[in-house]
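Q: Before anything else, here's the structure in question.
The values are calculated or read from the model by the stated rules, or taken from the named source; none is laboratory data. Worth saying up front: this structure is predicted, and the values here are computed from it rather than measured. Methodologically, a virtual Cβ is constructed for each residue, glycine included, from the backbone with ideal geometry; neighbour enumeration extends over all protein chains shown.
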């Protein structure tokens, strides 16, 4: 098992960010060094061959002038050729050959490599039939020895007649050996550069990613029991600080969501327990002894009422659950909002009249894109709440307005109002300002939560203003453009 674990650790190491950064850095550096080396190699080769050519032409010029001045003294010419060969030996290994007009060899350096410098049987009369002008013959002869040779030749004139033909050359083996040493050193240096770059890259990557390891360790320590814990920020403003900050934001949202879930679970348990306890208590009481038909009917009616409360609560919880999960099926379409609210108004007008409440509606037609079922539920809840918490003789006013971006619907009542301390809590699930009154009115504390959820899925906003004893005003802003 230990060897499997070790193999897995090696595999993880090769997949790590640090290794990949170091490897990528090493590859880039290796390629850069290789390209620079190739460039310098090409420039070195070019310069060496250029210097060789300049040297050869310079020597040829010196020798051709000397021979032209001593055409009748062959010994002096040969002596000068030998001396020039010795003088230039420190820099280049130069060879020479001197031909007569017919192309016969008159003299050549003692170590003249015939296999490197093949002697052409030149017919100078054919090559220079008019014996006029001068011509340099400059060519490169690749051979099987040390890279070849560089050869240059020139005819020598006297009284416009060719008398000699001088040929000098340099064995390029010396240049090839220098270039070969450069290549051999490169083969040694390049792997060394890669290894050093890889080692240095790993060290730098490990140092750079050390804060990431701390972030990982700290994040692993955070669980349900300590969601209030946050990652340490170094305040450097770098990417790792941004990452830690993003994690902290996520943990803050998780903490808030978890607290809501815990609170919701506790509230739901309490709200579900109350009607169940009531049903059980009434059933136990009625079974203690024989009851009259009227008593049985009364108990059954009470049980049915509690079941209706439970059914309403469960339906509301399902609506919120679908909205939270994003799985609710929405059918967005163009809706004339004034007409939709008018239909809701007509439904609640009878209810308001029965309570002695003046329900009014005014405003202009405005079109939005939204889900009709949810919008009906939204305004039904808001109007129903306004009527429930407005006393007889009060007034509820629905106003429909719009601007360039939003349709604005406000529902204003003259009801009991809400204190400023509780305004921020009224959209919380199961929250009720007056629990005893809410139970009498049949409220389960989920209506405003559903309203807020519907507004959010339409990318709108819901606001409330209220004063105790003076009533409340709920304002809904829905975008006129498509919200899906």
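Q: Answer with yes or no whether residue 32 is at pLDDT 85 or above, surrounded by 14 or more Cβ atoms within 10 Å (Cβ to Cβ) and under 60 Å from the mean Cα position of the chain (by Cα).
A: In short, no.
Q: While we're on this one: Quickly run through the range 403-418 and pick out the residues that are surrounded by 20 or more Cβ atoms within 10 Å (Cβ to Cβ) and in a strand (DSSP E or B).
A: If the condition is that a residue be surrounded by 20 or more Cβ atoms within 10 Å (Cβ to Cβ) and in a strand (DSSP E or B), then 407, 409, 411, 413 are the ones that fit.
Q: If residue 122 meets every condition in (1) in contact with a strand residue (DSSP E or B) (Cβ under 9 Å, 6 or more places away or on another chain); (2) modelled with pLDDT of 80 or more; (3) more than 15 Å from residue 59 (Cα to Cα) apart from one, which number is that one?
A: Among (1) in contact with a strand residue (DSSP E or B) (Cβ under 9 Å, 6 or more places away or on another chain); (2) modelled with pLDDT of 80 or more; (3) more than 15 Å from residue 59 (Cα to Cα), the lone unmet condition for residue 122 is (2).
Q: Looking at this structure, is residue 216 in the same structural domain as residue 302 (by TED's automatic domain parsing) and loosely packed, with under 15 Cβ neighbours inside 10 Å?
A: no
Q: Still on this structure, I have one more. Using the structure shown, decide if residue 171 is more than 24 Å from residue 19 (Cβ to Cβ) and touching a helix residue (DSSP H, G or I) at 6+ places or on another chain (Cβ under 7 Å).
A: So residue 171 does not fit the description; no.
Q: Now, a different point. Counting only residues that are over 25 Å from residue 54 (Cβ atoms) and touching a helix residue (DSSP H, G or I) at 6+ places or on another chain (Cβ under 8 Å), which one in the range 82-106 is surrounded by the most Cβ atoms within 10 Å (Cβ to Cβ)?
A: In this case the residue turns out to be 101.
Q: Could you count how many residues in the range 49-76 are in contact (Cβ under 8 Å) with a residue 40 or more places away in the chain and either closer than 13 Å to residue 156 by Cα or surrounded by fewer than 16 Cβ atoms within 10 Å (Cβ to Cβ) (or both)?
A: 9
Q: Which ones in the range 336-358 are in contact with a helix residue (DSSP H, G or I) (Cβ under 7 Å, 6 or more places away or on another chain), farther than 12 Å from residue 388 by Cα and free of Cβ contacts under 8 Å to residues at least 40 places away in the same chain?
A: 340, 344
Q: A further question follows. Give me a count of the residues in the range 360-402 that are surrounded by fewer than 22 Cβ atoms within 10 Å (Cβ to Cβ) and part of a strand (DSSP E or B).
A: Result for the range 360-402: 13.
Q: Being over 26 Å from residue 150 (Cα atoms), at pLDDT 80 or above and under 34 Å from the mean Cα position of the chain (by Cα) is true for just one of 230, 234. Which residue is that?
A: Only one candidate qualifies: 230.
Q: Filter the range 312-344 for residues that are farther than 29 Å from residue 396 by Cβ and at pLDDT 90 or above and give the result.
A: none
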